[in-house]
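Encoded as structure tokens, the structure appears first; notes follow it.
FYI, it's all coordinate maths here, none of it is from the lab. What you see is a predicted model, and the numbers here were worked out from it, not measured in a lab. Note: ideal-geometry Cβ built from the backbone for every residue, glycine included; neighbour counts use all protein chains shown.
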């Protein structure tokens, strides 16, 4: 009787162990039964130059590539014919993945001919070899060329905060965010985005981009107020004459 009871307890323990730990299709260990899964992720990759030295931004912080998915099927790419502009230091990869072999590097201001794109990568040709660069660091040069210079000040109208990015794209690397009512000097304006100057707490000034949806020009506000005042004065004068 005791042996039978012991066997039943042992069988129950084995069943619990089997349901608590399992493997997904990639062989990664996961847990079930309401326990948070154990997820294996790739590390963040530092961007390096051709000599293997870390690339840093204007504030001296290491530039990194955001963790990517596994190798992307090339059939996901759509045709793109144009020049792309690099807004920050970036690795050039053999395949569209941060886990892929690095075949070179690009610096801010570099341009490349692109032949295809997907949501996160451009396909480019370097020295006759097909390779890829992330959209965190690059954008269609035609977008950059469409910006027009302007000299005014804007105020952030976002309810909480607004992201500042390296390039005028929601795919571009995030620099920082600023809170509602923050005032910034604007240098140029384009379709949906503005180029502004941001000064951090250490006094370091950086050019970056933000969405036009969540800013308001203080110059326009002042002009509107002046126009309203002039119209009011004119109306009062007409009333006096009448």
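So for the range 177-189 (the condition being under 19 Å from the mean Cα position of the chain (by Cα), crowded, with 16+ Cβ neighbours inside 10 Å and not in a strand (DSSP E or B)), does at least one residue qualify?
No, that holds for no residue.
Give the residue, chosen from 152, 140, that is surrounded by fewer than 21 Cβ atoms within 10 Å (Cβ to Cβ), closer than 19 Å to residue 120 by Cβ and in contact with a strand residue (DSSP E or B) (Cβ under 7 Å, 6 or more places away or on another chain).
Answer to the selection: 140.
I'd like to check something: does the range 86-97 contain any residue that is free of Cβ contacts under 8 Å to residues at least 12 places away in the same chain, over 28 Å from residue 192 (Cα atoms) and out of contact with any helix residue (DSSP H, G or I) (no Cβ under 9 Å at 6 or more places or on another chain)?
no
Which of the residues spanning the range 149-160 are touching a helix residue (DSSP H, G or I) at 6+ places or on another chain (Cβ under 6 Å) and in a loop (DSSP other than H, G, I, E, B)?
157, 158
Conditions tested, residue by residue: (1) free of Cβ contacts under 8 Å to residues at least 40 places away in the same chain; (2) in contact with a strand residue (DSSP E or B) (Cβ under 7 Å, 6 or more places away or on another chain).
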{"position": "134", "(1), (2)": "no, yes"}
{"position": "159", "(1), (2)": "yes, no"}
{"position": "163", "(1), (2)": "no, yes"}
{"position": "173", "(1), (2)": "no, yes"}
{"position": "186", "(1), (2)": "yes, yes"}
{"position": "196", "(1), (2)": "no, yes"}
{"position": "211", "(1), (2)": "no, yes"}
{"position": "216", "(1), (2)": "no, yes"}
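Check residue 124 against each of (1) crowded, with 21+ Cβ neighbours inside 10 Å; (2) over 23 Å from residue 62 (Cβ atoms); (3) in contact with a helix residue (DSSP H, G or I) (Cβ under 9 Å, 6 or more places away or on another chain) and name the one condition it does not meet.
That leaves (3) as the condition not met.
Run residue 163 past the list (1) part of a strand (DSSP E or B); (2) buried (at least 20 other Cβ atoms within 10 Å of the Cβ); (3) under 12 Å from the mean Cα position of the chain (by Cα) and report the number of the one that doesn't hold.
(2)
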